[in-house]
């Protein structure tokens, strides 16, 4: 008899699922494909938005940045948070406290698995808003650069944490 272990389902959440969560999920998948392909056998990565319009296109600036970083987001379609997604998720990482609050208000049963990205596994102190990932949408190039730097650093930290917890 064969035993099939369920993949660990990681959901990344922002507001519209067109910039931050789309980029972060795409970057994680690309990184794992390149450097730890075996991890993708145990990890499913999806993204969604608290106010996403189903099927919305990825932000053009983020699509260009993704392409410059070796992966494609042009096929990405925004997905809203749904009860089914919340139920299937093993871990939900939000970009901001407002996203976490939104999920917990509607799905209080998910409390044990919802964290802001930057607070998951974090050992430091949190000052108000310090663990939020700011939205660069509609802002200048420096804001996008800061977001990308944060996303890459947090991806490294998150992957280390997932290895430490023996998830991947």
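Quick rundown of the values:
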read-out	value
Qualifying position, being in contact with a helix residue (DSSP H, G or I) (Cβ under 7 Å, 6 or more places away or on another chain), in contact (Cβ under 8 Å) with a residue 12 or more places away in the chain and either outside any helix (DSSP H, G or I) or within 18 Å of residue 45 (Cα to Cα) (or both), among 131, 162	131
Sole exception among (1) closer than 17 Å to residue 134 by Cα; (2) assigned to a helix (DSSP H, G or I); (3) in contact (Cβ under 8 Å) with a residue 24 or more places away in the chain; (4) in contact with a strand residue (DSSP E or B) (Cβ under 9 Å, 6 or more places away or on another chain) for residue 16, by number	(2)
Out of 52, 22, sole residue that is more than 18 Å from residue 134 (Cβ to Cβ), buried (at least 22 other Cβ atoms within 10 Å of the Cβ) and out of contact with any helix residue (DSSP H, G or I) (no Cβ under 6 Å at 6 or more places or on another chain)	52
Residue match in region 20-31 (condition: more than 12 Å from the chain's Cα centre (by Cα), farther than 17 Å from residue 113 by Cα, at pLDDT 95 or above and part of a helix (DSSP H, G or I))	yes
Selected residue (only one of 152, 102 is assigned to a helix (DSSP H, G or I), surrounded by fewer than 17 Cβ atoms within 10 Å (Cβ to Cβ) and in contact (Cβ under 8 Å) with a residue 12 or more places away in the chain)	152
Residue check, residue 74 exposed (fewer than 13 other Cβ atoms within 10 Å of the Cβ), in contact (Cβ under 8 Å) with a residue 12 or more places away in the chain and more than 18 Å from residue 48 (Cβ to Cβ)	yes
Any chance residue 64 is farther than 21 Å from residue 166 by Cα, surrounded by fewer than 20 Cβ atoms within 10 Å (Cβ to Cβ) and touching a strand residue (DSSP E or B) at 6+ places or on another chain (Cβ under 7 Å)	no
Some residue of region 41-55 being in contact (Cβ under 8 Å) with a residue 60 or more places away in the chain and either under 18 Å from residue 94 (Cα atoms) or in a helix (DSSP H, G or I) (or both)	yes
Filtered residue count, region 105-128, keeping only those that are assigned to a helix (DSSP H, G or I), more than 13 Å from residue 20 (Cα to Cα) and at pLDDT 95 or above	8
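The values are calculated or read from the model by the stated rules, or taken from the named source; none is laboratory data. This one's a predicted model, so the numbers in the text were calculated from it and none came from an experiment. In this analysis, Cβ positions are derived from the backbone assuming ideal geometry, glycine residues included, and neighbour counts consider all displayed protein chains.
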